[in-house]
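Beneath this line is the structure, given in structure tokens, with notes to follow.
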Amino acid sequence: VLVTAGGNIMKVWDILAGGRLIQSVSNHSKPITCLAMDPEGGRVISGSLDHHLKVYDMAEYRVRYSFDYTQPILSCAVSPEAGTVAVGMASGLLTVRARNLKNAGEKAMVVAKRAPRAGTYHYFVRGQREVASEDDFRVEHVRKARLAPYDKLLKAFNYGAALDASLSTAQPQVVVSVLHELTLRDALRIALSGRDDVTLLPMLRFLCKYIPDQAFASLLCDCGHVLLELYTTVLGRSTEVDELFWKLRWRVHEVLALDAELLRLQGALELILAASVSRSDE
């Protein structure tokens, strides 16, 4: 008897009868990649790309047992005593299964079960009571990162509330990122307008604290200009707001004075370096 496989069809031939086809079996949904026969010749094992390993009874040519694997099967083999099955998968993993002895001395294997019919109760609860063994590959469930409150508000186009939510984090990188996003959306003026003294104070405090930082200075200066355009007409109505605007003015003057001093220092260093280079050339 010769057993061959082509596509998802397994065929059994009688060599002594001149190569007569005895039986053709198709129980895989994808091509069969490997075949193996136990030493006694009573059963044939087939592995396929559909992740299934099937054991056939050669007397009746039907599936007696079925095993489900996590990867496409590329190779399989049976031990000489027919008690162990080795399976090689596409991921490079090798799985070895050994049959347990029963009371009568027979070796137990998992009997193939009929798949539940779609739409039934058993179809929807299938697999919920299964317990993974130690050699099974477990897929970890990774939860998606939840959006921060300011990201959700940005998605909802609630720009003012998104800016307030970022200010409440007390993280300058987060606030600057939200301001940058508002600038790209041309919504900075929308987010800063319509504020009273209570909602305006956190933004002014943030500007006064972080505008000297060169990494944020350019963007925060643009925000300061927008605030002056929006709230110049209401200056004098809140003492705290007026004090913060004056403080912001002095901080900008300090930054400009520091920049001027650095430019003078740079010019002096360039003169010294130019003089040293000319002397070395002479």
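Here A82 fulfils each of the conditions (1) in a loop (DSSP other than H, G, I, E, B); (2) closer than 30 Å to R138 by Cα; (3) open to solvent by 60 Å² or more (accessible area, probe 1.4 Å) apart from (3). Candidates are the residues of region 49-60 that are over 15 Å from D38 (Cβ atoms) and modelled with pLDDT of 85 or more; the one that is least open to solvent (accessible area, probe 1.4 Å) is D50. Here A257, A187 are screened, and the one residue that is over 20 Å from Q171 (Cβ atoms), surrounded by 11 or more Cβ atoms within 10 Å (Cβ to Cβ) and of a type in the set (G, A, S) is A187. Within region 228-248, residues that are outside any helix (DSSP H, G or I) sit with their Cβ atoms under 9 Å from residues that are open to solvent by 50 Å² or more (accessible area, probe 1.4 Å) and of a type outside the set (A, V, I, L, M), at 6+ positions apart or across chains, in these pairs: R237/D197; S238/D196; S238/D197.
Counting only strands (runs of 3 or more DSSP E) that fall entirely inside region 25-66 and contain at least 3 residues that are of a type in the set (A, V, I, L, M, F, W, C), the qualifying elements are 32-37.
Can L94 be described as surrounded by fewer than 13 Cβ atoms within 10 Å (Cβ to Cβ), out of contact with any Cys (no Cβ under 6 Å at 6 or more places or on another chain), over 18 Å from M37 (Cβ atoms) and modelled with pLDDT of 80 or more? So L94 passes the test. Of all the residues in region 174-219, those that are assigned to a loop (DSSP other than H, G, I, E, B), polar (S, T, N, Q) and over 35 Å from the mean Cα position of the chain (by Cα) number 1. Quick check on E229: is it over 26 Å from T199 (Cβ atoms) and not β-branched (V, I, T)? No, not satisfied. Listed conditions (1) loosely packed, with under 10 Cβ neighbours inside 10 Å; (2) at pLDDT 85 or above; (3) closer than 23 Å to G42 by Cα are all met by K113, apart from (2). Taking the criterion of being open to solvent by 50 Å² or more (accessible area, probe 1.4 Å), of a type outside the set (G, A, S), over 17 Å from S75 (Cα atoms) and at pLDDT 90 or above, would at least one residue in region 31-41 satisfy it? Scanning region 31-41 turns up no residue that is open to solvent by 50 Å² or more (accessible area, probe 1.4 Å), of a type outside the set (G, A, S), over 17 Å from S75 (Cα atoms) and at pLDDT 90 or above. Among the residues making up region 3-12, those that are buried (at least 17 other Cβ atoms within 10 Å of the Cβ) and either touching a residue at least 60 places away in the same chain (Cβ under 8 Å) or part of a strand (DSSP E or B) (or both) are V3, A5, M10, V12. Could you grab me the full set of residues in region 257-282 that are farther than 30 Å from I211 by Cα and within 51 Å of the chain's Cα centre (by Cα)? Scanning region 257-282 gives no hits. When T120 is tested against the conditions (1) modelled with pLDDT of 85 or more; (2) more than 15 Å from V44 (Cα to Cα), the lone failure is (1).
The criterion of being assigned to a loop (DSSP other than H, G, I, E, B), more than 24 Å from D186 (Cβ to Cβ) and not polar (S, T, N, Q) does not hold for R251. For region 127-166, the tally of residues that are exposed (fewer than 14 other Cβ atoms within 10 Å of the Cβ) and at pLDDT 80 or above stands at 5. Close contacts from region 131-158, counting a first residue that is without any contact (Cβ under 8 Å) to a residue 24 or more places away in the chain and a second that is not small (G, A, S), with Cβ to Cβ under 7 Å and a gap of 6+ residues or different chains, come to A132/R138.
The values are calculated or read from the model by the stated rules, or taken from the named source; none is laboratory data. Not measured: the values here are computed from a predicted model. Methodologically, a virtual Cβ is constructed for each residue, glycine included, from the backbone with ideal geometry; neighbour enumeration extends over all protein chains shown. Ligands, DNA and RNA are stripped out before the accessible areas are found, and what is left, the full protein with its side chains, is counted by its heavy atoms. Shrake-Rupley method; radii C 1.70, N 1.55, O 1.52, S 1.80 Å.
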